[in-house]
Amino acid sequence: MLKKPDKNLANPDYWAEETRLVRGGLDRSQHGETSEAIYLNSGFVYPDAETAEARFAGEEEGYVYARYGNPTVSMFEERLRLLEGAEACYGVASGMAAVWGALACQLEAGDHIVSSRALFGSCYQIITSILPKFGITYTLVDGYDTDQWRDAVSDKTKLFFLETPSNPTLEVLDLAAVSEIGRAKGITVVVDNIFATPVLQKPLQYGADVIVYSGTKHIDGQGRTLGGAVMSTTEFKEKKLKPFLRHTGPSLSPFNAWTLLKGLETLKLRVMAQCKAAHKIAEMLEGEASVSRVIYPFLKSHPQHALCRKQMVAGGTMVTFELVGGKKAAFELLRNLQIIDISNNLGDAKSLITHPASTTHRNIGEEARDAMGITEGMVRLSVGLEDVGDLAADLQQSLAG
Ligand SMILES: *Cc1c(COP(=O)(O)O)cnc(C)c1O
């Protein structure tokens, strides 16, 4: 049904997601450009010394230096903020700058983190080898087992870190249950929501505190740029994030912010189409004799299937599967593909496939891979926007060898 015109339509808070994605944060210059402008500048000038003084004192709104903020970056932050329904958003240079910023801005020596074990490779490195150098300890848990989170908490625990669905095993964690455990103990719950995207899952609604994104993945979704963002309350942004990120310098380039801003316009259309295709591919793979296991959140065979349906709008753009013939068969499959590219990137319009054990999860070692359930015969497919029939045929002909 069409909504009746409403006086509130001047306020983006009343807009539907689709409208937010196309128009949210739009800040036109005096020239009235249709598409958002790219402000490729590092500095800003002031009409007089009094204005400069007022801006530095924080008494007047306005830009002072691109490391602190830029109009194109602001447009990107506002559009993503509106999509997430968060109070505040801070754009940064990459997903890892977002993860590092969100963790390092609030931790100090002596603090303890509890994190799910199934993590993106670089997140795993930050928690298990970089933060410990600064006196921050950690406990890894099987994130889907909610009791393990409760048991791992000590009086030093300041932060929970989790990723759902996880990379590459697509484990799904109960955001509401884990957030509740954290909340009750005053622990900040940080969620890496990159695999789900803000279209499929909004962790703030389940009680999480801080959400991190890599713009590199679905938000750009066309393989062009790196970028990232941290979503939080205004208080967290002003008191923790801003002082840390402004002075340490992981600024998002205005050009990259513009690319991500344009990516957001089509994010929902792309992600929903990719999810639909991924679901079909997952069903097709379940019927293949050379495939021993298919992991996809919206398949009934997924261990947390009911939770997936409750927590996510659709099953996601990623399908992970295991080949009967192990690493040899996985490499053979990748070699035979005619359309799908071998690449460790994901969320792209182009379908991409990778063998995690030898690439993204190579550095963590065999023991950690075993603990995460990453096997030698496992491949991870990021389903793109090509015709799903072509993709299914490409996989089937490659599996047949
Ligand atoms: C890609 C990714 C990151 C890191 O993002 P970059 O933009 O590559 O720095 C972190 N977490 C997950 C789950 C990712 O997929």
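The values are calculated or read from the model by the stated rules, or taken from the named source; none is laboratory data. Values in this document were obtained by computation on a predicted structure and should not be read as measured data. Don't worry about glycine lacking a Cβ; one is built from the backbone with ideal geometry, like all the others, and counts go over all protein chains shown. The protein model used for the area step is the full one, side chains on, heavy atoms only, and it has no ligands, DNA or RNA in it. Shrake-Rupley method; radii C 1.70, N 1.55, O 1.52, S 1.80 Å.
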message: Residues to consider are R309, R224; find the one that is free of Cβ contacts under 8 Å to residues at least 24 places away in the same chain and within 26 Å of L385 (Cβ to Cβ).
response: R309
message: Can you say whether L173 is more than 11 Å from the ligand (Cβ to nearest atom), within 23 Å of G373 (Cα to Cα), out of contact with any Lys or Arg (no Cβ under 6 Å at 6 or more places or on another chain) and open to solvent by less than 10 Å² (accessible area, probe 1.4 Å), as far as the supplied structure shows?
response: yes
- request: Just give me the residues in the stretch 330-346 being of a type in the set (D, E, K, R) and either within 18 Å of the chain's Cα centre (by Cα) or in a strand (DSSP E or B) (or both), in sequence order.
  value: D341
query: Could you list, in sequence order, the residues of the stretch 116-156 that are assigned to a strand (DSSP E or B) and either more than 12 Å from the ligand (Cβ to nearest atom) or modelled with pLDDT under 95 (or both)?
result: T137, Y138, T139, L140, V141
query: Out of the residues in the stretch 358-382 that are assigned to a helix (DSSP H, G or I) and at pLDDT below 95, which is nearest to the chain's Cα centre (by Cα)?
result: M372
query: For the stretch 17-88, list the helices (runs of 4 or more DSSP H) that sit wholly inside it and hold at least 3 residues that are modelled with pLDDT of 95 or more and closer than 30 Å to G207 by Cβ; which are they?
result: 17-23, 71-84
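For S253, state whether it is over 18 Å from the mean Cα position of the chain (by Cα), of a type in the set (S, T, Y), open to solvent by 40 Å² or more (accessible area, probe 1.4 Å) and under 20 Å from M372 (Cβ atoms).
no
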message: Would you confirm whether or not the stretch 247-257 contains a residue that is at positive phi, touching a residue at least 12 places away in the same chain (Cβ under 8 Å) and not β-branched (V, I, T)?
response: yes
field: Only one of S166, S179 that is of a type in the set (S, T, Y), open to solvent by less than 40 Å² (accessible area, probe 1.4 Å) and assigned to a loop (DSSP other than H, G, I, E, B)
entry: S166
message: Residues to consider are A306, A314, A349, A278; find the one that is assigned to a helix (DSSP H, G or I), open to solvent by less than 70 Å² (accessible area, probe 1.4 Å) and modelled with pLDDT of 95 or more.
response: A278
- line: Apart from one, (1) open to solvent by less than 50 Å² (accessible area, probe 1.4 Å); (2) in contact (Cβ under 8 Å) with a residue 60 or more places away in the chain; (3) not hydroxyl-bearing (S, T, Y) all hold for L385; the odd one out is (1)
